[in-house]
Amino acid sequence: MRRARDDGTDQLSNVVDLKSLSFQERLAIGLMRLKAQRRLTNKDLAEQLGVSEAYMSQVTRGMRDVKLSTLDKMQREWNVTIEDLFKVTDSDLARIAAWRARRSKKKATDELT
């Protein structure tokens with residue numbers, strides 16, 4: 001049986017993906033990580049910040065800009081740094097792939113209707 005040779009292209013595409021992320025996408029990834037680590041929902045995050053669940057949902061999907069004052073409130077309320085909220089690490093690559101797959105699937109579904 002032949003083995004597939006690892007030519008490093010997956011790693012290269014992952015690096016490109018990380019560099020191509022917008023600030024909205026980086027924040028969405030950071031919030032997904034925070035939610036997973038602390039076992040929180042969008043509703044929990046919204047209540048802690050005093051914003052609507054719909055707003056929080058849009059932010060966690062990378063569809064909404066946030067004010068600097070909201071970022072400040074996030075870091076104070078959740079005891080994290082703003083850098084932590086925007087940091088994307090190698091351990092986030094699977095999360096990014098799943099997130100983009102959901103977005104692509106939704107976009108394809110929307111185009112059919």
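The values are calculated or read from the model by the stated rules, or taken from the named source; none is laboratory data. Treat the numbers as computed from the prediction; the structure is a model and nothing was measured. So basically every Cβ, Gly included, is an ideal-geometry build from the backbone, and we count neighbours across all protein chains shown. Accessible surface areas use protein heavy atoms only, side chains included; no ligands, DNA or RNA. Shrake-Rupley method; radii C 1.70, N 1.55, O 1.52, S 1.80 Å.
Treat each spin label as a single point 7 Å out from the Cα along the C-beta direction, and report the Ala97 to Asp65 distance in nm.
Label at Ala97, label at Asp65, 3.3 nm between them.
Under the 0.36 nm per residue contour assumption, what length would be gained going from the current alpha-carbon distance of Ala36 and Lys87 to full extension?
Net length gain for the segment: 16.9 nm.
Could you tell me what percent of the accessible area of region 44-113 is made up of carbon and sulfur, with a 1.4 Å probe and every protein chain present?
51 percent
Calculate the length of the line joining the C-alpha centroid of region 53-113 to that of region 23-39, in whole Å.
Using only Cα atoms to place each centre, the spacing works out to 6 Å.
Which loop trypsin sites (Lys or Arg not before Pro) in region 45-99, with loop taken from DSSP, have no more than 12 other Cβ atoms within 10 angstrom of their Cβ?
Lys67
Leaving ligands, DNA and RNA out of it, rank Phe86, Phe23 by accessible area with a 1.4 Å probe, largest first.
Result of the area sort, largest leading: Phe23, Phe86.
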